[in-house]
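Contents: one structure, followed by commentary.
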Amino acid sequence: MPHMTAFARNQWYVAAYSHEVGRELLGRTILGEPLVFYRAKEDGAPVALGDRCVHRRYPLSESGLDGDRIVCGYHGFTYDRTGACVYVPGQKRIPRTARVASHPVVEQDSLVWVWVGDPALADPQAIPRARHLDSPGWTTVRGMEPIDADYGLLVDNLLDLSHETYLHGGYIGTPEVAETPITTEVDEGAGIVRVSRHMDDAECPPFYARSTGIAGRITRWQDIEYHAPCLYLLHSRIAPVGVLPEADGSDPNGFHTEITYAITPSADGKVYDFWMVSRDWATDDAEVTEFLRSNNHTVVMQDVDALNLLQKTLGSERAGYQELSINIDTGGLAARRILARLVEEGDKPVEKAL
Amino acid sequence: MSAPTGEIYRIDWLPGTDVLHGTCHCGAEHTAQDPVEMWEWMLGHPEGHRLQPQSQPQSEPQSQPQSPERAP
């Protein structure tokens, strides 16, 4: 039986990077809904519509644009940016039901967020921020890998970084990660899980040693902030061992790296893994940029391979299999519970104000 | 995302031990060696949650319903 976490509707999800949404139609399936994205010529805003023509369900993402209208590549049904069908071939009468769904979209921090659920409930203010992704003074490398695994497995993976020691040894993992106790904090109403691991005296993993030039041991802080269901921020600080921020809060001798993930459920047992690494050091050094891009891509692919394997393995388990949680799982368990609550809230019929 | 409620739960894994120390948003504290048990206690609020003076023992019979107490 395949491992599956239910989807939380009435939430914002990252559908794409800003640079992916342009004048070429982009198809993405989010929470099981096929969507098509493009950037309107009229005002440059991203548009998200249902990706199936009402006529014979042809994928609109495999069709073409005529100005800001999508012309279905099969029989020419034509849709405006609100999803209304404005032309059908050979006749003047357009059936009243000829419309594809239009989804609220917000472009922010170089990410294109889409609302999946009741459009009347979409509040752009509720989207968590990741300002470092397009702020001056920061350089970001990024990518996206589709994984054939339940999105809950990726949440588990990212909330428990002790796996770095074993799965990512030689890249970002060192013995101290798995050995160091964590603190976990849950802000129930905001749906945020925070997991912190502060290592006072740790080996510097190659990912940081080769990029920062630090030769010896380091003080390494990992502060996770998971804004359920989609945005995961890992605030990473490293510095030569014993070097701490100044009393006034400034931190001129620390290397700050923001590791951002967007965890977007695609279909049952499939997830989009958007990964980004931003730094406020050596920002103009192209060699460092390429090293971090390629090194982090390797790390992400180690996770992809592991989660593909885990999903396959869980799929062959008997129903009701047992798992065992220990202290390292305290944050992951909190995230699972918050997700379960969001799923429940998203499934409830909402009473609309009259 | 829901509106913030200010309800913060915190669990510290005490360095050098296998012990988890939990603090509920109401101020009640609990120790355990199993995160599943810890979350069950935490989310059981207000059941078994009572602010304890530091000098008193941590463990309380959890079968006795307690009235919820608020953190200051």
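Derivation of every value follows stated rules applied to the coordinates shown; laboratory data play no part. Fair warning: this is a prediction, and the values are worked out from it, not measured in the lab. With ideal geometry, Cβ positions are generated from the backbone for all residues, glycine too; neighbour counts draw on all protein chains shown.
Structure notes:
- Reachable aspartates and glutamates from A:K312, criterion Cα separation under 15 angstrom, eight or more residues apart if same chain: A:D148, A:D150, A:D268, A:D303
- Longest segment of chain A lacking trypsin sites (Lys or Arg not before Pro) that sit in a DSSP loop with at most 14 other Cβ atoms within 10 Å: A:130-317
- Simple spin-label estimate for A:S316 and B:E40 in nanometres, 7 Å along Cα-Cβ: 3.3
- Peptide-level mean, for B:14-25, of C-beta atoms on other protein chains within 10 Å: 2
- Of the GluC sites (Glu not before Pro) found in segment A:216-297, the ones in coil according to DSSP and having at most 12 other Cβ atoms within 10 Å of their Cβ are A:E246.
- Label-point separation, A:A209 to A:S135 (7 Å along Cα→Cβ), nm: 3.1
- Rounded to 0.05, the FRET efficiency of the A:Y166 and A:A101 pair, given R0 = 35 Å and the Cβ-Cβ distance, is 0.20.
- Cut-off under 5 Å, modelled amide H: who pairs with B:R50 long-range: B:E29
- Environment charge of A:R9, counting only residues whose C-beta is closer than 12 Å and scoring Lys/Arg +1, Asp/Glu -1: -4
- The helix-only estimate of mean residue ellipticity at 222 nm for the protein assembly as shown, built from DSSP H runs of length n ≥ 4 each weighted as -39500 (n - 2.57), is -6000 deg cm²/dmol after division by the residue total.
- Other residues lying with their Cβ under 14 Å from the Cβ of A:I214 contribute a combined charge of +3, Lys and Arg counting +1, Asp and Glu -1.
- For segment A:213-223, Karplus couplings with θ = phi - 60° (6.51, -1.76, 1.60), whole Hz, Gly/Pro x: x, 5, 8, x, 7, 10, 8, 10, 10, 10, 10
- Our coupling estimate for segment A:242-248, obtained by passing each phi through the Karplus curve with A = 6.51, B = -1.76, C = 1.60 and θ = phi - 60°, is x, 7, 10, x, 5, 4, 7 Hz, Gly and Pro reported as x.
- For segment A:83-97, backbone phi angles converted through the Karplus equation (6.51, -1.76, 1.60; θ = phi - 60°) give residue-by-residue couplings of x, 6, 7, 10, 7, 10, x, x, 8, 8, 7, 9, x, 4, 7 Hz, Gly and Pro being listed as x.
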